[in-house]
Amino acid sequence: MSIAAPIVGLPGFGTARTASNRVIFRDGQITGWLSQGKVINGTLSRDPSNTGNIDVLRAGLLMGKITATGLYAPSVLGVTSAALTNTGTTVSASAAVVTELVRRLGSSGTFKLVGPPAASGVVRTSTLTYSAASGTSITVTAAGVNEVQTLTFGAAATGGTYRFRVPLANGSMVTTGSITWDTTDGTLLSNINAALDTATGVVGGIVATGAAPDTALTFTFSGVGYLSSPQPTETISVVTFPTSGTTATTVRTTTGVSGAFVIGSLICPVDGSENPVTLVPSGSGLKVTDLDGTSVDRDFPMMPLAGVLLTANFLPAYPSDASLKIWLKETLSTLSAGKYAFDDEF
């Protein structure tokens, strides 16, 4: 059996150690907590912005529950340092955050990005696949999703012409010229796509496909001005029906999603802890390594469930975007068994 060696030495002054007290509750105390607390997963927990002491989780660090184990870990690895464009493939963050992403999630894999596509927009969560992460950059597959709508005819066409009403990239509507029906499916699709290009002014903006174009057509919004952009529900319609056709139904089969995210969006894990339910309480922090620097699980005593929070002391940062602030407040209040109030509301 081995035991830890005691700390020994001659009397005298050693290297200074600083323990900084941080306050997260406005009135200085927790007004509600989970009796007996929980356990923090030491291996998965770090505070990357706590320079020199990343193994000490500071007060205000958002925490969530890991689905597989029930242990707790930080909900947010960090925030983006630049906006991500609609077709962007590089997520920018501080070097400390990128290092923590690799340490916790690996050199490639997936993570979640939380934020609106534009200032004060609707907050959404996208799971991004990344292939590399180093320095201040994370290389990802573009987060956007193309809109797809399917139009189904009540009866198969046997002749005549089509005319479709479709959206322009600016959202207004336009009607195509007459499209001649053809017995050869490939020729018919070519005629339709040529008419779409002419009407919208964008080659390949909206692309029509279909194994049986006489009865059903799939329209994918994938070109310039349409790529990764949500469209009004069921925008494709028939203005002129071909022979034998008198009815058609359009359904949205894939909703377009913008791939853009504002600066300050949240970079999160994917193990369940990305859903913040609590935070590290006021104090000098919770250390998650032993004297040898090895990660250890540790107690999470008096896990907060209620209180008036100092928003300026949220970690890794209190969002600057108005809608992301609302998302964070609502998430904490919804997922937590208790109730939080926020000082910036008063």
Considering only the range 47-55, I want to know if a residue exists there that is in contact with a strand residue (DSSP E or B) (Cβ under 7 Å, 6 or more places away or on another chain), modelled with pLDDT of 95 or more and assigned to a strand (DSSP E or B).
no
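Residue-by-condition table, conditions (1) at pLDDT 95 or above; (2) buried (at least 22 other Cβ atoms within 10 Å of the Cβ); (3) in a strand (DSSP E or B); (4) of a type in the set (F, W, Y):
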residue: I3; (1), (2), (3), (4): no, no, no, no
residue: P6; (1), (2), (3), (4): no, no, no, no
residue: T18; (1), (2), (3), (4): no, no, no, no
residue: S45; (1), (2), (3), (4): yes, yes, no, no
residue: G70; (1), (2), (3), (4): yes, no, no, no
Name the pairs: first residue in the range 33-53 and under 16 Å from E100 (Cβ atoms), second residue β-branched (V, I, T) and not in a loop (DSSP other than H, G, I, E, B), Cβ to Cβ under 7 Å, at least 6 apart or on different chains?
G42/T289; D47/V56; P48/V97; P48/T99; N50/V56
Return yes or no: is V238 under 30 Å from A157 (Cα atoms), part of a loop (DSSP other than H, G, I, E, B) and over 28 Å from the mean Cα position of the chain (by Cα)?
no
Residue, nearest to the chain's Cα centre (by Cα), within the range 136-160, restricted to residues that are at pLDDT below 95 and of a type in the set (A, V, I, L, M):
A143
Can you spot a residue in the range 296-303 that is in contact with an Asp or Glu (Cβ under 6 Å, 6 or more places away or on another chain), within 24 Å of V39 (Cβ to Cβ) and touching a residue at least 40 places away in the same chain (Cβ under 8 Å)?
yes
Of the residues in the range 287-321, how many are modelled with pLDDT of 95 or more and touching a Pro at 6+ places or on another chain (Cβ under 9 Å)?
1
In contact with a Pro (Cβ under 6 Å, 6 or more places away or on another chain) and modelled with pLDDT of 95 or more: which single residue out of V166, V123 fits that description?
V123
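The values are calculated or read from the model by the stated rules, or taken from the named source; none is laboratory data. Please read these numbers as outputs of a predicted model, since none were measured by experiment. Glycine gets a Cβ as well: all are built from the backbone with ideal geometry, and neighbour counts include every protein chain shown.
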